[in-house]
Structures are given as C-alpha cells and as structure tokens.
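The values are calculated or read from the model by the stated rules, or taken from the named source; none is laboratory data. No experiment lies behind these values; they were computed from the predicted model shown. Backbone-built Cβ (ideal geometry, glycine too); neighbour counts: all protein chains shown. The area values use the complete protein model at the heavy-atom level, side chains included, leaving out ligands, DNA and RNA. Shrake-Rupley method; radii C 1.70, N 1.55, O 1.52, S 1.80 Å.
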Amino acid sequence: MSTPKALTTFLCTATLTVLPLMGLCESDTQNKSTAENAARLPLEDLRSFAKVFEQIRQGYIEEVDDRTLLEYAIKGMLQGLDPHSSYLDRRSFDDLQVNTTGEFAGLGIEVGIENDRITVVTPMDDTPASRAGLKAGDVILRLSGKSMKGISLDEAVEWMRGPKGSSVTLTIARKGHRAPFDITLKRDTVRVRSVRSKILDEGYGYLRISQFQLDTGTDVAEALIKLQNKGKLKGLIIDLRNNPGGVLQSSVEVADAFLEEGLVVYTEGRSEAASLSYSAEPGDLTEGTPLVVLINAGSASAAEIVAGALQDHRRAVIMGTGSFGKGSVQTVIPINSERAIKLTTALYYTPNGRSIQAQGITPDIVVERVKVTRLEDTARPTEADLARHLGNGNGGADRNAEERARSEDARDSWLDRDNQIFEALNLLKGLNLYAHRDRALRARIARADGRP
C-alpha cells in the first residue's frame, strides 16, 4: 500500500528524472536545482494529495490501480497549464509520431462517416487501397469479419492500421453492384503527402502545404523544381489555409526556400535551451518570383511562422483572413518508449519581434472565403457577330460572343471554386505586369543616359 511518505518520495524522484530531458544535465546544476526544489516543495499540499489518493483507492465505487491513478494525476497537472501541454499515452504518442513523420503502416484510405456508415473518401495514390481498386463512395461493411456498424471514425482508422505485411479483408458495398464483395489487402507503409503543387495558369503555380512534417522542407524544394520544369514561373501561390502547423524546423526550411538571407524566427523560454534563433541560408529557390501566401483562422503555429517571416521580409503578400494565433512552442519529452509529455517551453517571434500568441497574423489584403455568384447577362452580340463585318487589321481569328463566353468561363472557373485563389492569381498577374513595366521604364532611362 502506498503511504503519504512513499508518495512524497515518488514525486520528488519524478521531478528529478525529468530534468536531464529538459537539458539541465550538468551535475552541479542538477544538485543545486534539486536542493532548491526540495526546499520549495509544498509538503502540506503533497500530504493533501496523498490523502485524496488514498481516499480514491479505498472508497471509489470501482477499484482503480495505483498506476492508473498516478497517470490521471500527471494528466491533470499538464492539463492545468495551458491548452497545448498534455500527457501522451501510447495511442496519442503514436498519432503524434505519425503526424510528424507522415508515415504509418496501413491501407492508404481516407475514410469518413456518411449515413452512419464508414465510407471511402478517397484511396491514396500508390497504396494497397489504390492498387486493389477501392473507389470513393465504397462503403466498408466489415473488416476481417467485424461489423463496422455503429463504430466511431477513430475506431475504424485504428482497426485499419496494423503491422506492415499483415493482411485484412474488407467487405465492400459499392453502387452498381448487386451484393457486397470482399477485397483482401496487405498493409504497407503509407506516406501522407503534406505538399501538393500544380500550374493554375501559364506561368503561375500553386503550392499547397497541408501540415509541416519532417520532410516538408525537402518536399517543397522538389515541388518547386517540378513547377519550374513546366516553364518560367511568373508568380506562385502558397496555400497555408487550415494548416495546423507541425515541426518547427520544417517551417524554417520552407521559409528559407523563398528568402535570400535573414532571420526566420526566434524563440524565448525560461531555460537557455528553449531560447533559439533560426536564419535563412543564402539562396532563394524561386529567384524572387512574386509570392502570395493564403492564410485563414485554421492556419496555426508553423504555418504562422512561415507567413510571419515572409511578411516581415516583405517577400510575399499575405492574403486571406487572420490566422489562429498559436505562438507557443511545445517540446515532446519521452517518459518511456510508449509515453511522453508535450510541454510548452517557449514563445516564438517573427523576425521583427512580433509575438503571434493569441493575436495571429493579420493579412496584408483581407479576402473572405465566400461563394461568388456571377450576374448572368444575355450574350450581347459583338462586332464579330455582325454580318459582313471587317476582319482584324493585324490578322487572327475573330472573337464573337460565343468565343468570348468560352474564354470567360475558363477564366472564371477558379472564381466559382475558390474565390481566394482567384484573387491571389489576379494579384500575381498585376504584380507581374507592373514589374515588367518597371523594368521596361528603367531600360529606357538607361538607354537615354547612354548606359548599356
């Protein structure tokens, strides 16, 4: 049976054990800190804790083992600090590692709940699910004989994951098939892509970063090479909307990709180890290509670091709505191989010394995400629609009302789908036109002055 004295000894020992993980590992410093902490220990409060502990052990309606009660106490300590400090049990620790690395052993299916049934949203590319021919809209009725009816989404995901190489049989209901059928899959390593890219218009690229994983910096560099291989970039949209953040170092690498030099972010905490600064290395991978960064209230932490750095260096126009405002740094401290604590150890600051905590990044240009409805107008005839009209003096095909309507439909497709991307693309085109005019003006002045 645990006694108040034993509990006091346990708590003192636990406090000492965590110190080396926080970077205070010199023996002299540790001994001094131990003595100081022992002198400050609230012994009366510890006795109260021990009494409560004992009352729960003896009087609670259900028996709870000591290990579980102590785990609850640790959780309570961390939850009382701030919203981002927490205790990570085995499952939470595993989930954190998956989010950080972007890799897990599973089937490669994005699933959701539709009409109370586990439904495939999309199979990820080059995964067991895509190779087996699973389709969006497929309903998973059973998993290796277990009914999926009534289970939560988290439970479904947990059941689908497992050791690499292990097999699982899905019973699928698919629209157009009379009866359910089985598909057997072998679990494999699945990598969640945090970076996607494409060309929106000739010379204008789009880079989507959904979260910051360990390899996000490298993935961004590779995506930029692919975009540049499709032609010279005149402008680039970096989409950080609904990006919850992630690995601090990856956010530094992403900002560095677009900066020639200078401070990216710095942190300040109580310990010397928590106060750090990160700077960009020479070389802008886009060679000064105009940038627009999209943010919203779902852009947090590492996403705000990137937006803040590019804004302070006047390297990009920040567009959208105000960001989340998470300006704190969490350090993950392993307790053992399966458990850890996530502890807030510092605040981070943009290059100009702005703290984002509880304030967020304010866009340079505010553009709300809205559904835009165009005012339809009857197609008016143009000169090209008139009988016996003259052709263009410079040659080329006529552009009648029908041809112009097709062109406008293609141009406005982004307006219908995502008005913020539409506005960002228009801004980039305007910046590019202005830069071209400015270069031409400087060239004329130089020629007038007799310079080469």
Inset, instruction - Enumerate the amide H contacts of Phe212 below 5 Å, restricted to partners 5 or more residues apart or on another chain; note that Pro and chain-start residues carry no placed amide H. - result: Gly245, Gly246, Val247
Inset, instruction - Provide the per-residue ³J(HN,Hα) series for segment 73-89, in order, calculated from phi with Karplus coefficients 6.51, -1.76, 1.60 and θ = phi - 60°, each as a whole number of Hz, with x at glycine and proline positions. - result: 5, 5, 4, x, 4, 6, 5, x, 7, 7, x, 10, 8, 7, 9, 10, 6
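Would you work out if segment 67-221 is rounded, prolate or oblate? Take a ≥ b ≥ c from the square roots of the eigenvalues of the alpha-carbon gyration tensor; rounded if a/c is under 1.5, else prolate when a/b is larger than b/c, oblate otherwise.
Working: a/c = 2.05, a/b = 1.13, b/c = 1.82.
Cα axes put segment 67-221 in the oblate bin.
Can you pull the Rg over Rh of segment 185-275, Cα-only, Kirkwood?
On the way: Rg = 15.9 Å, Rh = 14.9 Å.
Ratio value, two decimals: 1.06.
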Inset, instruction - With a 1.4 Å probe and every protein chain left in place, work out the accessible area per residue of segment 317-369 in Å², rounded to a whole number. - result: 47 Å²
Inset, instruction - Enumerate the lysines that Lys135 could reach by cross-link, defined here as Cα to Cα under 18 Å, with residues fewer than 8 away along the same chain left out. - result: Lys175, Lys186
Inset, instruction - Please report the base-10 log of the normalised intensity I(q)/I(0) for segment 253-352, using a Debye sum with one equal scatterer per alpha carbon and no solvent, at each q in 0.13, 0.19 (1/Å). - result: -0.52, -0.94
Inset, instruction - Provide the per-residue ³J(HN,Hα) series for segment 97-103, in order, calculated from phi with Karplus coefficients 6.51, -1.76, 1.60 and θ = phi - 60°, each as a whole number of Hz, with x at glycine and proline positions. - result: 5, 5, 5, 6, 8, x, 10
Legend entry - Size of segment 59-153 as Cα extents on the principal axes (Å, biggest first): 53, 34, 22
Inset, instruction - Sort the following peptides by mean Cβ neighbour count (other Cβ atoms within 10 Å, averaged over residues), highest first: 190-203, 303-316, 143-156, 80-93. - result: 303-316, 190-203, 80-93, 143-156
Inset, instruction - Could you tell me what percent of the accessible area of segment 307-382 is made up of carbon and sulfur, with a 1.4 Å probe and every protein chain present? - result: 51 percent
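Given a 1.4 Å probe, how much area per residue of segment 67-190 is accessible, in Å²? Could the numbers behind the result be given before it?
Details: 7170 Å² over 124 residues.
Computed with neighbouring chains in place, this is 58 Å² per residue.
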Legend entry - Residues of type lysines that Lys342 reaches as a straight line, Cα spacing below 29 Å, ignoring anything fewer than 8 places off in the same chain: Lys5, Lys32, Lys51, Lys75, Lys164, Lys326
Inset, instruction - In whole angstrom, note down how far apart the Cα centers of segment 233-255 and segment 45-75 are. - result: 45 Å
Inset, instruction - Provide the convex hull volume over Cα atoms per residue for segment 324-405, in Å³. - result: 298 Å³
Inset, instruction - Could you list which residues have their amide H under 5 Å from that of Gly360, counting only those 5 or more apart in sequence or on another chain, with H placed in the peptide plane? - result: Gly325
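At 0.36 nm per residue, minus the direct Cα-Cα distance, what do Ile333 and Glu62 gain on full extension? Give it in nm, one decimal, please.
Working: separation 271, 0.36 × 271 = 97.56 nm, distance 3.20 nm.
Additional length available on full extension: 94.4 nm.
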